[in-house]
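We did not get these values from a lab; they are worked out from the coordinates using the rules stated. Everything numeric in this text was worked out from a predicted model, so none of it was measured. Here Cβ is always computed from backbone atoms with ideal geometry, including for glycine, and neighbour counts include all displayed protein chains.
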Amino acid sequence: MTHQLALTVIAPIQPNAIDSLKMLLGRIAQNRNQPPIIPFDKLNTIHFARLMILDETQDLRGQRIRPSLALLTNFDAPLDAHLTALATIAADELDKVFSHCEGYPQPHARSPQSRVAFLRSHRVSSKPFYVNTPGRTVQQIQQEEQLRQAIGQFVDQSDWPEGTASNQVRSAIQAFVRSQSHLGWALSPAEPPKLSWRLRETLHKVGVPLLLLPFLPLILLGLPIGLVLLRIHEARELPDTSKADPDRVRQLRDDEDFGGQNQIIAIGEFKLGWFRKITAWIVLELADYLIRHVFNRGSLSGLNTIHFARWVTIDQGRRLFFTSNYDGSLESYMNDFIDKAAWGLNAIFSNGEGFPKTRWLFLDGIRDEQAYKTFLPTRQIPTQIWYSAYPHLSTINIQNNAMIRRDLFRQLNSTEIEQWLQRL
């Protein structure tokens with residue numbers, strides 16, 4: 001198996017082209033029963049994808065930030081194959097959308113190579129990038145759901161004599177799976193990510209602390225000074241207590257809760273000054289390390305409903321956006337962050353302008369529930385196109401299906417067999 005990656009492409013929109021682009025893309029609410037304008041479903045390694053317009057705005061210094069188009073995908077590696085698929089399988093649709101952007105190849109110059117070159121030149125790094133379970137591909141997720149459904153149908157349609165033992169039921173299921181040629185892949189356990197990727201991750205996990213070790217005395221020496229400066233900044237920074245326009249909030253909510261899965265994107269500007277810029281960089285690097293090596297087994301600080309999430313610094317380091325694909329409603333999502341991961345959200349987003357007041361970086365902040373729920377809509381922006389390869393599956397469903405496959409032919413005791421059957 002392979003690992004997962006995030007592609008973020010952000011390209012400036014041509015002058016006077018934004019209205020026609022918005023008309024072309026529409027809104028999630030308008031598109032939900034139609035195939036997406038870019039055929040993401042034909043690119044069979046994409047988990048989630050979205051297209052969104054970042055409107056023109058001004059930064060805190062009054063400088064113009066131009067409107068741009070963003071393409072975001074969560075996909076199974078490698079990157080080169082993903083870009084090539086976009087530039088060939090989705091070539092016509094990619095042309096239709098990105099021809100609104102500056103620098104996109106003219107019709108006579110369009111080719112798979114020129115499209116890939118454009119995408120690469122406008123690619124922005126996503127850091128941190130969260131994957132619910134690294135190594136679980138689109139194919140694996142879809143196949144394991146197929147397995148669960150096939151077994152469930154077999155069990156429902158079979159005539160089981162009264163008193164049939166659990167191990168007999170399981171043996172019958174095993175025989176059924178063996179008899180189905182299209183389920184032959186289920187006879188073997190899922191493969192882990194490639195050894196080369198696992199070695200790189202191990203090297204990063206061990207290497208980063210080792211590289212920092214010689215600087216530990218300087219870090220400890222500078223920590224008290226950093227904490228004093230932090231409290232000075234926290235004391236004088238004012239939160240944004242304004243409320244989002246009701247019509248805008250209504251439009252955002254109209255694009256949510258169509259099924260079990262949901263999406264969100266929020267964007268904000270970093271606070272001015274070198275101290276907050278350095279603090280944000282340190283926190284994002286630390287978050288990247290923790291997500292890669294600690295929160296990499298189906299839970300992000302206790303939140304097990306997130307499929308993918310990413311943080312992306314844009315506009316020459318002036319702004320940060322966060323986007324996530326998750327299960328349930330936005331209300332439950334916000335409550336989960338408040339209850340389980342407030343410390344992490346505070347540490348990252350307190351470096352953004354207008355965030356609810358924090359204390360010692362990790363405390364307070366979004367724990368003021370009303371302040372947070374008032375603040376978030378002021379930083380949310382709409383997504384025009386949103387795609388999921390498995391919209392009916394929650395993270396719990398996916399994990400359950402993986403466990404069904406894992407234990408299908410393993411040696412289990414009677415209690416474990418009972419638990420396995422309950423997963424069906």
When the chain is treated as a Gaussian network with springs between alpha carbons less than 10 Å apart, the largest mean-square fluctuation among Ile89, Ile398, Ile53 is found at Ile89
Order these by the 10 Å Cβ neighbour count, fewest first: His82, His47.
His82, His47
GNM result for the chain, Cα springs below 10 Å: residue of Leu119, Leu218, Leu284 fluctuating most strongly
Leu218
Point-to-point label distance, Gln157-Asp55, nm (Cα→Cβ direction, 7 Å offset)
5.3
Fewest to most neighbouring Cβ within 10 Å: what's the order for Asp240, Asp245?
Asp245, Asp240
Expected unfolding gain across Asp245-Leu223 under the 0.36 nm per residue rule, minus the alpha-carbon gap, is 3.8 nm
For Glu191, net neighbour charge (Lys/Arg +1, Asp/Glu -1) across residues whose Cβ lies under 15 Å away
+3
Using 1/(1 + (r/R0)^6) with R0 = 41 angstrom and r between the beta carbons of Arg66 and Ser171, what's the FRET efficiency to the nearest 0.05?
0.05
Cα principal axis extents for the range 4-125, largest first, Å
42, 33, 31
Evaluated at q = 0.08, 0.11 Å⁻¹: base-10 log I(q)/I(0), Debye formula over Cα of the chain
-0.52, -0.94
In the Gaussian network model of the chain, springs joining C-alpha atoms below 10 Å, which of Ser158, Ser125, Ser388 carries the largest mean-square fluctuation?
Ser158
Which order results if Thr358, Thr279, Thr313, Thr88 are arranged by neighbouring Cβ count within 10 Å, fewest first?
Thr88, Thr313, Thr279, Thr358
So what is the 222 nm mean residue ellipticity for the chain from helices alone, if each DSSP H run of at least 4 adds -39500 (n - 2.57) and you divide by all residues, rounding to the nearest 500 deg cm²/dmol?
-14000 deg cm²/dmol
Kindly point out which whole DSSP H helices in the chain project their C-alpha atoms 24 angstrom or further along the helix axis while averaging a Kyte-Doolittle hydropathy of 0.0 or above.
195-212, 216-236, 274-293
